[in-house]
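**Student:** Let me give you the structure first, and then I'll get to my questions.
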Amino acid sequence: MTHARHTLLLSLALSLSALPAHAAEPAAASPDLVAQDRAALEALPGATSVLLQRGGQPLVALYARGADGATLHDTRSVGKSVTAMLVAAAVQDGLLRRDTPVFAAFADQRPLLNDGPAKQAITVEDLLTMSSALDCDDNQDASPGNEENMYPQPRWLRWALDLPTRAVTRDAQGLAPWAYCTAGSFLLGQLLERRVPGGLEAYAATRLFLRLGITQWQWHHSPAGETMSGGGLRLSTRDWAALMQTLLQRGRWQGRVVLEAAQVDTLLSVRRHTPFGPDYGEQFWRRDYELSCGRFSGWMMSGNGGNHVVMLPALDAVLVLTRTHYNQRGMHQQSWDFSTALLQRHLCGGPSLRESVSPG
């Protein structure tokens, strides 16, 4: 984002200054509990912050490795969930439909390589649920659409539009087999760029961020300046929590409707079962957290490095964990273990299930 454009958006933030600020300080906890939380955070490889809220009020707010409350964290694919929220907003605003054919919006880019009925049939919903006919799987090194093949390209949109398709059989929901595809999330952002007022970044600012009191952010861009909506969005820990708190409140923030409840319900409905354990909705993951006081379903924004932004509706809780432990085996399991122990200590009134977090 250019300096002038960011200045304009910050001036818009001043017009929304009546919005209440995020809760500033965590509730008082015993020194022993604070020490235990801090030791666990510092023992977790690459951990930079943790924030636990209940009822919108912070119980834990800790930082490590030079981070503080103003740090904008690179949470990698956590940003995909923000893209989904923006798509939901655009649907609510009548600018898109989930059954909108994606590639029809890029007629000015034709001719496309590998074009045909399968590519032209790909919808917004297909990309939201990682269930399109694109030959794109970030978990397969040989996949033509693997995200690592995109980053060296001078124009990411051109590369993504030209991807080959795969032969697929759609299920009863009308969805193709699930495959994790960052290029699809990027295409959703490029579709928004063409469909929403002012383009993707301005729409994100005025339609979402500023309404939640978020005034500082950084987008990642391609060499050609295309906004990366598949990951790399940087926000502060508290602002990541504000986004998830809004979803926990079924689209409401400080009494105002940001997203209609029906849109939130659609975002956070299980659409796919994945080979990795957690289920998948629309750019959000779902998994259970086993605590001594019960088994609780959690919806999660998740990114490389073990970055997690979680809400547990039954506990009225939001948890943010930021890390820089990128591309390391076991990074997500470490974060789940850490989060489970933290939730146990603070929400179940007893000792943690796991008193330490393995650095392996």
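**Student:** Being in contact with a helix residue (DSSP H, G or I) (Cβ under 7 Å, 6 or more places away or on another chain), at pLDDT 95 or above and not charged (D, E, K, R) narrows it down to one residue among Ala90, Ala121; which is it?
**Tutor:** The unique qualifying residue is Ala90.
**Student:** Of the numbered conditions (1) surrounded by fewer than 22 Cβ atoms within 10 Å (Cβ to Cβ); (2) at pLDDT 95 or above; (3) out of contact with any helix residue (DSSP H, G or I) (no Cβ under 8 Å at 6 or more places or on another chain), Ala179 satisfies every one except a single condition; which is it?
**Tutor:** Result: Ala179 passes all but (1).
**Student:** Can I ask one more? For the range 145-162, how many residues are within 24 Å of the chain's Cα centre (by Cα), in a loop (DSSP other than H, G, I, E, B) and closer than 17 Å to Asp115 by Cα?
**Tutor:** 1
**Student:** Let me ask something additional. Would you check if Trp217 is more than 30 Å from Glu148 (Cα to Cα) and aromatic (Phe, Trp, Tyr)?
**Tutor:** It is false that Trp217 is more than 30 Å from Glu148 (Cα to Cα) and aromatic (Phe, Trp, Tyr).
**Student:** Could you grab me the full set of residues in the range 281-305 that are more than 12 Å from the chain's Cα centre (by Cα) and more than 21 Å from Leu347 (Cβ to Cβ)?
**Tutor:** Across the range 281-305, the qualifying residue is only Gly305.
**Student:** Of these, Asp138, Asp126, Asp162, Asp171, which one is at pLDDT below 95 and of a type in the set (Asp, Glu)?
**Tutor:** Asp171
**Student:** Tyr151 passes all but one of (1) loosely packed, with under 15 Cβ neighbours inside 10 Å; (2) closer than 22 Å to Met85 by Cα; (3) not polar (S, T, N, Q); which number fails?
**Tutor:** Going through (1) loosely packed, with under 15 Cβ neighbours inside 10 Å; (2) closer than 22 Å to Met85 by Cα; (3) not polar (S, T, N, Q) one by one, Tyr151 breaks only (2).
**Student:** If you don't mind, another one. Kindly indicate which of Ala67, Ala105 is modelled with pLDDT of 95 or more, over 21 Å from Thr206 (Cα atoms) and not in a helix (DSSP H, G or I).
**Tutor:** Ala67
The values are calculated or read from the model by the stated rules, or taken from the named source; none is laboratory data. Just so it is clear, the model here is predicted, and its values are computed rather than measured. Glycine gets a Cβ as well: all are built from the backbone with ideal geometry, and neighbour counts include every protein chain shown.
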